[in-house]
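Below: one structure, written as structure tokens.
The values are calculated or read from the model by the stated rules, or taken from the named source; none is laboratory data. The structure displayed is predicted, hence computed values, not measured ones. For neighbour counting, all protein chains shown are included, and Cβ atoms are generated from backbone atoms with ideal geometry for every residue, glycine included.
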Amino acid sequence: MSVPLSSSKQSTVFLLRLCLLKPQTSAIPYYPLHRHLSTEPNPPPQDEESLINEAVQLFQVLEDGNSSSTQLHQLLFSSSSPSSPGIFRQITRRLASSSQALEFFDYIRSNSPSRELTSLSFTFQAIFELASREPDPQNKLLELYRTSKERNIPLTVNGATLLVRCLGRAERVDEALAVVDELDPSLKNTHFYNVVVALLFRSGRIVKALNMLDEMLQPGADCPPNDITGDVVFAALSRREWCGRSISDKEIVGLVSKLLQQGVFPDTFKLTQLITKLCRKKMIGLAWDVLHDVMKAGGTLEAASCNALLTGLGRDGDFERMNTLMTEMKEMDIQPNVVTFGILINHMCKSRRVDEALEVFEKMKGVSGLSVEPDVITYNTLIDGLCKVGRQEEGLTLMDQMRSENKCMPNTVTYNCLIDGFCKAGEIERAQELFDQMNKERVFPNVITLNTLVDGMCRHGRITSAVQFFDEMRSKGLKGNAVTFTTLIKAFCNVNNIDKAMELFSQMSKDGCSPDAIVYYTLISGLSQAGRMDDASSVVSMLKEAGFCLDIVCYNVLIGGFCRKNKLDKAYEMLKEMEQAGVKSDSVTYNTLISYLSKTGNFATAHRVMRMMIKDGLVPTVVTYGALIHAYCLNGKIEEAMKIFRDMSSSSKVPPNNVIYNILIDSLCKKNEVELALSLMEEMKAKGVSPNVTTYNAMLKGLRENNLLEKAFDLMDRMVEQACNPDYITMEVLTEWLPAVGETGKLKNFVQGYEVSVSTA
């Protein structure tokens, strides 16, 4: 029997033994990172460290029957050995692989005088740790798990946690949950529950996650929630997209409330995330409740969370609750920051409540002694708000104040807001002056500056100036984008300069600017309106090659263009293509076809198309009836036109407008049915449809043809009474008629705005 040695002598013996051993070619792996899984977080004492190192080296050269076996057994199991079950775990962690660690576990189990299961469980946990760092850890851990069951070695909670987390990361959720179900309930702790709940949320097993949370949240639960639980839950609630079913409003409120009751509060980041998500989903009331629940429970609140709610309330236009929240922030000593005030000012400006925004701006420097300096974003928001309501001069003043009081220099956005304001007001020269000023101050314009000025010039008929400015910017390296080209192409199409529009379209590719769908649509519309259907078809082909599809508006423009060019076959091709592309015809499509068919005298087909329109669930509009009535009148079929008019007035819910009345009155007067035309004018008055100058012109022509002077005077008085100004056609009719019948004085009175009839005089 060996004589027991003192502690210092034992250390000397261990060192001598290590010196006599054959040197190893590879370093012994050591992983302090996983010490947190141990019940002994501190490193072993020096004598135990020496024993561990010696044991590792002896085991690595172990062969049956050699001296190493005896030395190892003596070292680990002799009565003089200071080893403990904890040292077995430490040795296991130092071995080269999980397979070698399993061999060591079997060696301990076979040779240890005591086979106490708890110490064996902790040793087996160390094998799990090794396996988790090796290739294909999920399968190795599952194999070890099966081995532990076969050998009746219960898992530690840390081992089970490691296995569940590893399987969860590999998305092997069912296998992970099987481990959870098999684990002894007495071994589960809060940390384990947190890992499982996080896995359940991540994999969309919402019901199971909520059930497990419910267990944790019960009064007196063995595994109550902690701050980590809160992080897991609030992160899950804040997630933008859900895998599986979402959590209902009631469940969110319930979870937050229960966690707060347990003293588990979200941190500022998680709370802000959750409120932002709820506001984005238009759940403003729920966001309000969550924030106020945290307030009432005494949680720490910062401006960021309040800012998130203010943003949602602003989008909802709920300024009353925005003011309430600001008051509550003041009462709770939550200091608003520049973002807080920026949110208020931004939403007030968007709602065109600029004066209220200016009041908030003035208060920024004097809220309860706080000093919140406005930044360039605050100034830009206010300047843009002023310009949007036509108060660009005040915007200029604010820019000067920005420089002098705050020493905050204007940037490109500042100038863009002001330039846009002056352009929309038609003050193009002032806008150009600002552009020159920003260049002098070395504030560099961007493509938005370019587009704003080009659009302003085009809107006010300065297309040539817009092109010159665009070319000048291009020469200086500021190239336009698709918006720039669309603006210019549309402007040239509106003045029927299609060649220039096509030239600009070609220039886009040369400038390296890819046309978007809107550019194609704009050009197709312009070409169709100009009747250049071959060119329009070519652009359609280019649009398709670029990967875009025609929309219903574009199809309608093309169908209308082909109809105007009497190419009905091409119009039908478009209709067929629409059907194949799954684009459903709308009322504009049907009205275009009905108008064309009616004008060409093909009334039977026009009525058939109208029936198809109704069958498709579309209600014929005033345009539909107007197209048919106009076509019948053009073809001299007044009776049919009047029949449709009467059907329209009685059976449909579409009231006729003055355009339809004008068509009928003009046609009746041309047919010398003046009395019927006059009765229609009376009907207009009874139905509240106001006649316009076209109505009076048609009627006066009919009265002149029948020399009905008194009735003409009545109409002239009605024009004066209704402030309906005569146009050149009115004057042409009256100047040819009244002087010839000796009524020059009444013509003069009418021109001067006086009543002319004897009865009214």
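What to note about this one:
- Scan the stretch 726-750 for residues that are β-branched (Val, Ile, Thr), surrounded by 13 or more Cβ atoms within 10 Å (Cβ to Cβ) and out of contact with any Lys or Arg (no Cβ under 9 Å at 6 or more places or on another chain) and the total you get is 2.
- Once the stretch 488-523 is narrowed to residues that are assigned to a helix (DSSP H, G or I) and of a type in the set (S, T, N, Q), the residue that is surrounded by the most Cβ atoms within 10 Å (Cβ to Cβ) is Thr522.
- Filter pass, Asn152 being more than 26 Å from Asn211 (Cβ to Cβ) and of a type in the set (S, T, N, Q): yes
- Among the residues of the stretch 67-83, the ones that are loosely packed, with under 15 Cβ neighbours inside 10 Å and at pLDDT below 60 come to 3 in all.
- Inter-residue pairs, beta-carbon under 8 Å, first outside the structural domain of Gly688 (by TED's automatic domain parsing) and in contact (Cβ under 8 Å) with a residue 40 or more places away in the chain and in the stretch 701-723, second surrounded by 16 or more Cβ atoms within 10 Å (Cβ to Cβ) and in a helix (DSSP H, G or I), 6+ apart: none
- Whichever residue in the stretch 276-334 is polar (S, T, N, Q) and either part of a loop (DSSP other than H, G, I, E, B) or within 23 Å of the chain's Cα centre (by Cα) (or both) and, among such residues, is surrounded by the most Cβ atoms within 10 Å (Cβ to Cβ): Ser305
- Among the residues making up the stretch 121-172, those that are closer than 14 Å to Ser99 by Cα and outside any helix (DSSP H, G or I) are Arg133, Glu134, Pro135, Asp136.
- Remark: pairs (first residue in the stretch 218-239, in contact (Cβ under 8 Å) with a residue 40 or more places away in the chain; second residue in a loop (DSSP other than H, G, I, E, B); Cβ separation under 7 Å; 6+ apart in sequence or on different chains) = Gly230/Val264; Gly230/Phe265; Gly230/Pro266; Phe234/Pro266; Leu237/Ile247.
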